[in-house]
Amino acid sequence: MSKKIAKVISTELLENKDAKWINLVKITYEDENGQVRTWEAMRRPGRPSTSAVDAVQMIAVIHHKEGPKVLLEKQFRAPAGKIVIEFPAGLVDEGETVEQAALRELKEETGYVGEVVPDRGGARPILFSSPASSSSKTFLIHLKIDPEKEENQNPKPQLEDGEFIEAFWVPLSELYAECRKLEAQGFAIDGKVGVFAEGLEMSKIWPVSVIQAKCKHCRRWCSACEDICLCGRAKPLELRTNIIEVLNPLVLAPIEILEQCLRAKEYQPPEDDYSEFIHLPDVNIPQDENQYVYDGYGTPTWEDSQFEHDVSVVMHPEVPLPRLVKIL
């Protein structure tokens, strides 16, 4: 039998005594001028006494050779009247931590077995889902999924009665474009997914300056967490005091040229010398005074500037780190 399309049949007012998941409340408060005011809001009853939040949202990422992908869900939401594109999420049960809730909900809704990324669990900021109308609070938990694990070869969700969830993967680099495409197809985009996608898109225009180190084993860019590096073998190489390492590729160059340049030489950190240049292959890159590649340590001086195969190699400790560096 073919699956039917979910739809809203009717909408009616509901009294609190008949509500199971949400209550309507009137809040009396005093404003900055001392005037007493009231506000109407929603409240979720039954928040666990052991939890500071009602629910958890999960950003679950899997690493493929072609790049990281994020796990999303398609689920019909009656208030929206549409199938909504969401992060996996769920309520926290009594007695469990937010990390335990995140892993349980991931398994139940998608079938995948994940791990909490260190320092990306319950120590994160508490997020109010809709503070103008609701007191509901959530944590955004970062998870990683190992595609080599046997449990993740053929994941089987454990959905409850009335749950109809379709999980799917989207490349992180294509998330914004995919959201636009899904919206054009009639899907609704959950606000948290939308803001996350917008943030990724903004980073293309306003790259954020990042101080990072390279892994001792694979020499690739990694964060302060040993589990983020692509090789996953060791903590990143620590930078010496007051020394900054930044790599800024030619943002306007084609991605193929960037990959060729950045992979041209396996990086080896200097032992005693304060700087070391990358020698790029002889590739045709449009030269511009605002385009340069930098790799090394130290502070900029006039002697630190030179040209290598039509690429200006400049040492600069505060150059914004573009997203393209992450392809290393």
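The values are calculated or read from the model by the stated rules, or taken from the named source; none is laboratory data. Keep in mind it's a predicted model, so treat the numbers as computed, not measured. Reconstructed Cβ throughout: ideal geometry from the backbone, glycine too, with neighbour counts over all protein chains shown.
Brief remarks on what is shown
- Scanning the stretch 29-45 for residues that are over 23 Å from Pro125 (Cβ atoms) and touching a strand residue (DSSP E or B) at 6+ places or on another chain (Cβ under 9 Å) returns Tyr29, Glu30, Asp31, Val36, Arg37, Thr38, Trp39, Glu40, Pro45.
- Selected residue (only one of Ser173, Ser135 is of a type in the set (Ser, Thr, Tyr), in the same structural domain as Lys107 (by TED's automatic domain parsing) and under 30 Å from Trp39 (Cα atoms)): Ser135
- Selection of the stretch 126-137 for residues being in a loop (DSSP other than H, G, I, E, B) and in contact with an Asp or Glu (Cβ under 9 Å, 6 or more places away or on another chain) yields Ser129, Ser133, Ser135, Ser136.
- A single entry from Ala123, Ala102 fulfils the requirement of being of a type outside the set (Val, Ile, Thr), assigned to a loop (DSSP other than H, G, I, E, B) and in the same structural domain as Asp190 (by TED's automatic domain parsing): Ala123.
- For the residues Pro118, Pro45, the requirement of being under 18 Å from the mean Cα position of the chain (by Cα), of a type outside the set (A, V, I, L, M) and part of a loop (DSSP other than H, G, I, E, B) singles out Pro118.
One line per residue, one yes/no per condition, for (1) assigned by TED's automatic domain parsing to the domain that holds Ala177; (2) among the aromatic types (Phe, Trp, Tyr); (3) modelled with pLDDT under 95; (4) assigned to a strand (DSSP E or B):
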position	(1), (2), (3), (4)
Val8	no, no, yes, no
Val61	yes, no, yes, yes
Pro68	yes, no, yes, yes
Leu72	yes, no, no, yes
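- Within the stretch 180-233, considering residues that are modelled with pLDDT under 50 and among the acidic types (Asp, Glu), the one nearest to Gly67 (Cα to Cα): Asp227
- Residues that are part of a helix (DSSP H, G or I) and in contact with a strand residue (DSSP E or B) (Cβ under 6 Å, 6 or more places away or on another chain) within the stretch 177-191 comprise Glu178, Cys179, Leu182, Glu183, listed in sequence order.
- Exactly one residue out of Ile83, Ile165, Ile145, Ile141 is assigned by TED's automatic domain parsing to the domain that holds Ile59, of a type in the set (Val, Ile, Thr), touching a helix residue (DSSP H, G or I) at 6+ places or on another chain (Cβ under 7 Å) and farther than 21 Å from Arg44 by Cβ: that is Ile145.
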